[in-house]
Each structure stands twice: as structure tokens, then as C-alpha cells.
Amino acid sequence: MPITSLNRFSVPTDGSVTNQSLLMPKLKYRFRVVFTGFGVTAGDVVELTKQVVDVTRPSVTFEEMTLDVYNSKVFLAGKHSFEAISVNLRDDATGLVQRVVGEQLQKQFDFLEQASARSGIDYKFTTRIDVLDGGNGAKEVNTLESVNLWGCFLTNVNYGDLNYATNEPATVALSIRFDNMTQLKGGTTSVLEGVGRDIGERTLGSLTTGGGAA
């Protein structure tokens with residue numbers, strides 16, 4: 001089969017040429033999760049990245065505002081909320097994963113002394129989810145996209161179960177609540193893309209909203 005025929009493996013769109021190629025997708029298994037300000041010792045937190053099994057990507061929901069008018073209803077976007085994400089970690093034989101997770105829990109609440117943290121800044125951390133291109137070793141790894149989650153804290157820690165009948169590693173499941181998120185192009189720290197990007201001045205009465213103030 002001629003290689004040029006691969007140019008037709010896509011969906012024709014209005015005004016496009018007949019031959020068009022399909023975009024390469026991001027792959028679910030090419031990723032890493034980096035924690036900053038988690039636990040107590042920065043060097044130990046690096047090891048958590050190596051023990052990540054899976055992670056859920058962020059989800060945002062807008063509440064609906066309903067305006068009752070003459071013969072109908074108009075709906076507007078209200079306040080938004082981010083859903084908590086989940087991260088599953090392999091529980092290593094050295095006990096490092098449990099220790100670092102326990103340190104983060106202690107920062108949020110001292111279970112021995114029954115004393116809580118003074119403020120959110122005392123325990124909140126940052127989570128970064130990088131989508132990678134598959135590079136490794138001598139072949140440089142490139143970041144296709146980074147999502148930064150700000151103001152993170154643990155809402156649930158599940159140490160899982162132990163079972164004689166399975167052939168699986170022990171895991172620790174984390175549920176992480178966060179306040180805000182930004183998306184970065186190519187993993188850089190300066191180029192915002194998507195959520196967080198400045199898209200210009202807000203408009204009033206634009207045709208895209210139906211031409212009215214609403």
C-alpha cells in the first residue's frame with residue numbers, strides 16, 4: 001500500500017483538501033506526576049513520582065443559573081468547582097511511600113497531639129501532571145502538556161487491602177482536592193495554553209451571546 005494513501009485516514013471537513021492526515025494523539029501511558037511541597041523532605045517526594053500507577057485528569061463543573069423570562073428560560077454559567085483527582089501509588093517495601101504520605105497527613109492534622117494546622121499555607125502543595133512524548137535515557141524526553149494544580153490537600157487516603165489470592169502490588173490511593181489549575185504549553189513555565197491563558201478583554205453585547213447584555 002503506498003504511503004501516500006495514509007493521508008486519507010481522516011474525516012473530510014468543509015473547505016479542506018481531499019487528502020489530510022490524522023493528528024497523533026497523546027497516549028495515556030506516557031505521563032508523570034510531580035508533587036511540590038508534599039510531605040517534609042523534597043528528596044523523598046521525588047520517589048513518589050516513580051511509584052505512581054495511575055492518575056485521573058482534572059474535571060471542572062459550572063453551576064447553572066436560571067433566569068425565568070416571559071415565555072421561556074435563559075441559562076447562565078454560575079460558580080465553578082473542580083472535582084478531586086485520584087492518584088494510586090505502589091506501596092514500596094522500604095515504607096517510603098507510606099511515610100511520605102503520612103507526613104503530609106500530619107501537616108494537615110497532627111493525629112497524635114490532636115492539633116490542626118494553623119492555615120492552609122502550612123499544608124497545601126502543588127501537583128503537576130505532565131504528558132510526555134515517550135523519550136527516555138539518551139533520547140531526550142519532551143513534555144507535550146503540563147497541568148498545574150494549585151492549593152492541593154489530601155481529602156482521602158486509602159491504604160487498600162492485602163490478599164493471599166492475588167498477584168498484585170500493595171497500593172495507596174490518594175484523593176486530592178485543589179483550588180485552581182493552569183495548563184502549560186510544552187511543559188514550559190512561561191507559556192500558558194488553555195486554562196489560565198489570557199484570551200483578551202471580556203466583551204459585552206457580542207454577537208456570540210445573542211447580541212444582548214446577557
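What follows draws every value from the coordinates through simple rules; no lab data is involved. Small disclaimer: the values here were computed from a predicted structure and weren't measured. Don't worry about glycine lacking a Cβ; one is built from the backbone with ideal geometry, like all the others, and counts go over all protein chains shown.
³J(HN,Hα) across the range 61-76 via Karplus (A = 6.51, B = -1.76, C = 1.60, θ = phi - 60°), whole Hz, x for Gly/Pro?
Using θ = phi - 60°, the values come out as 10, 9, 5, 9, 9, 10, 10, 7, 10, 2, 10, 7, 9, 10, 10, 10 Hz.
Before rounding to the nearest 500, sum -39500 (n - 2.57) across all DSSP H runs of length at least 4 in the chain and divide by the residue total; then give [θ] at 222 nm in deg cm²/dmol. Mind dumping the intermediate values first?
On the way: 2 runs with 22 residues, N = 214.
Here the helix-only value at 222 nm equals -3000 deg cm²/dmol.
Using alpha carbon coordinates only, what is the Rg to Rh ratio of the range 71-182, with Rh defined as the Kirkwood radius?
1.10
Once phi is turned into ³J(HN,Hα) by the Karplus curve 6.51 cos²θ - 1.76 cosθ + 1.60 with θ = phi - 60°, what whole-Hz value does each residue of the range 32-46 show in order, with x for glycine and proline?
The phi angles translate into 8, 10, 10, 10, 10, x, 8, x, 10, 9, 4, x, 6, 5, 4 Hz.
If I build a Gaussian network model for the chain, linking alpha-carbon pairs within less than 10 angstrom, which residue out of D14, D130, D54 has the largest mean-square fluctuation?
D14
Can you find, among P58, F125, L27, the residue farthest towards the positive end of the dipole of the chain? Put +1 on the C-beta of Lys and Arg, -1 on that of Asp and Glu.
It is L27.
Tell me the Kirkwood hydrodynamic radius of the chain in angstroms, computed as one over the mean inverse distance between distinct C-alpha pairs.
Across the chain, the inverse of the average 1/r is 21.3 Å.
Please identify which residues in the range 161-176 have an amide N closer than 18 Å to a label point set 7 Å out from the Cα of D44, following the Cα→Cβ vector.
Zone members listed by number: 172-174.
Which residues' amide hydrogens lie under 5 Å from the amide hydrogen of T171, considering only partners 5 or more residues apart or on another chain, with H built in the peptide plane?
Amide H to amide H, under 5 Å and 5 or more residues apart or across chains, T171 pairs with D91, D161.
For the chain, which longest stretch is free of loop sites, where a loop site is one of the chymotrypsin sites (Phe, Trp or Tyr not before Pro) that DSSP puts outside H, G, I, E and B and that has at most 16 other Cβ atoms within 10 Å?
Answer from the scan: 165-214.
My understanding is that a pair violates if its Cα-Cα distance is over 21 Å; which of K26/K139; K28/K79; K28/K185; K50/K185 do that in this structure?
On the way: K26/K139 18 Å; K28/K79 30 Å; K28/K185 18 Å; K50/K185 23 Å.
Among K26/K139; K28/K79; K28/K185; K50/K185, the Cα-Cα distance tops 21 Å for K28/K79; K50/K185.
Which of the trypsin sites (Lys or Arg not before Pro) across the range 40-147 are loop residues per DSSP, with 10 or fewer other Cβ within 10 Å?
Qualifying residues, ordered by number: R118.
Helix 96-108 versus the longest principal axis of the chain: what angle, 0 to 90°, nearest 10, using Cα atoms?
Approximately 80 degrees, to the nearest 10.
Given 0.36 nm per residue, what is the gain on full extension from V74 to A93 after removing their alpha carbon distance, in nm?
1.1 nm
Using amide H atoms built 1.01 Å from N in the peptide plane, name the residues 5+ places from T143, or on other chains, whose amide H lies under 5 Å from its own.
none
If the only charges are +1 at each Lys and Arg Cβ and -1 at each Asp and Glu Cβ, what is the size of the charge dipole of the range 30-195 around the Cα centre, to the nearest 20 debye? Spell out each step's value before the answer.
On the way: 15 positive and 21 negative charges, 58 e Å.
Around 280 debye, computed over the range 30-195.
Taking only C-alpha pairs under 8 Å that are 6+ residues apart, what is the relative contact order of the chain in percent?
So the answer I get is 17 percent.
What dipole magnitude, in Debye to the nearest 20, does the range 37-127 give about its Cα centre under +1 on Lys/Arg Cβ and -1 on Asp/Glu Cβ?
200
Apply the Karplus parameterisation 6.51 cos²θ - 1.76 cosθ + 1.60, with θ equal to phi minus 60°, to every residue of the range 146-156 and state each ³J(HN,Hα) to the nearest whole Hz, in sequence, with x for glycine and proline.
With the stated coefficients, the range 146-156 comes to 10, 10, 9, 10, 9, x, 7, 8, 7, 9, 7 Hz.
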